[in-house]
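Here is the structure we will look at, set down as structure tokens.
The values are calculated or read from the model by the stated rules, or taken from the named source; none is laboratory data. Here the structure is a predicted model, which means the values were calculated and not measured. Here the Cβ positions follow ideal geometry from the backbone for every residue, glycine too, while neighbour counts run over all protein chains shown.
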């Protein structure tokens, strides 16, 4: 191909990004610049998303500068990509600044900010934005709920006496709670040694994923930490009966 136009560059960059070749997507964008081709908003979404997955804050900032320097339209899609990049990279101040400047916000843009805040330990701030999101009438995604539960648990906001509220929160979700959501609740029970709620969450998880040994192990460990040795042994026996191997679970 003797000559490449913007469409060709865009296909190459988005193709690399969609196939998780984020380093190549950024590399091709750098070549595009060196050849004097002006990228558009679609290209920059792929580039900035690639920087987010790489955790490459400096490259992401340069991509943002390129957007501003070339007066590109920071629409909802491009703006959300910027929020996600800054949030993932832990640059929370810039993530919030871009988010607050968006002309409109959808579920994905809210979730990008909330998940980033939760990931980096800003539990109270994540909860604040989550409440604002709900007040707008938007329906949170499952990943939003999971991030909130995990952040509140590890941030100490879900204290032992408030786990019942967390369980009620899960049960009253506008969507059907999935395994990661119940897993986040089970993880909070492990931290705060709440066997009663752990049993209910564990039962649901085992029904959802009966062949996933990690939840059996986690529930067994909760029993052991609270000196319920017979219940812990029962969990181990269930694993043996189902011939499950001991695989770790992340909550």
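Here are a few things to note about the model shown:
- Selection within segment 119-146 - assigned to a loop (DSSP other than H, G, I, E, B) and under 16 Å from residue 176 (Cα atoms): 138, 139, 140, 141
- Within segment 212-243, if we keep just the residues that are in contact with a helix residue (DSSP H, G or I) (Cβ under 7 Å, 6 or more places away or on another chain) and not in a helix (DSSP H, G or I), the residue that is modelled with the highest pLDDT turns out to be 228.
Conditions (1) under 16 Å from residue 48 (Cα atoms); (2) touching a helix residue (DSSP H, G or I) at 6+ places or on another chain (Cβ under 6 Å), marked per residue:
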| position | (1), (2) |
| --- | --- |
| 84 | yes, yes |
| 93 | no, no |
| 131 | no, no |
| 136 | no, no |
| 151 | no, yes |
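- Within segment 37-61, residues that are closer than 10 Å to residue 26 by Cβ reach partners that are surrounded by fewer than 16 Cβ atoms within 10 Å (Cβ to Cβ) with beta carbons closer than 7 Å, at six or more positions or on different chains, in the pairs 54/23.
- Tally, over segment 187-206, of residues that are modelled with pLDDT under 85 and part of a helix (DSSP H, G or I): 6
- Matching residues, segment 30-52, being crowded, with 19+ Cβ neighbours inside 10 Å and in a helix (DSSP H, G or I): 32, 43, 44, 45, 46, 47, 48, 49, 50, 51, 52
- Leading residue by the ranking (surrounded by the most Cβ atoms within 10 Å (Cβ to Cβ)) among those in segment 82-99 that are within 14 Å of the chain's Cα centre (by Cα) and assigned to a helix (DSSP H, G or I): 85
- Only listed residue being on the phi > 0 side of the Ramachandran plot and either surrounded by 17 or more Cβ atoms within 10 Å (Cβ to Cβ) or within 26 Å of the chain's Cα centre (by Cα) (or both), chosen from 55, 79: 55
- Matching option when the condition is without any contact (Cβ under 8 Å) to a residue 12 or more places away in the chain and either over 24 Å from residue 119 (Cα atoms) or in contact with a strand residue (DSSP E or B) (Cβ under 8 Å, 6 or more places away or on another chain) (or both), among 211, 196, 165: 196
- Annotation: residue 27 fulfils all but one of (1) in a helix (DSSP H, G or I); (2) touching a helix residue (DSSP H, G or I) at 6+ places or on another chain (Cβ under 9 Å); (3) surrounded by fewer than 13 Cβ atoms within 10 Å (Cβ to Cβ); the unmet one is (3).
- Taking segment 5-20 as the range and being assigned to a loop (DSSP other than H, G, I, E, B) and in contact with a helix residue (DSSP H, G or I) (Cβ under 8 Å, 6 or more places away or on another chain) as the test, only 20 passes.
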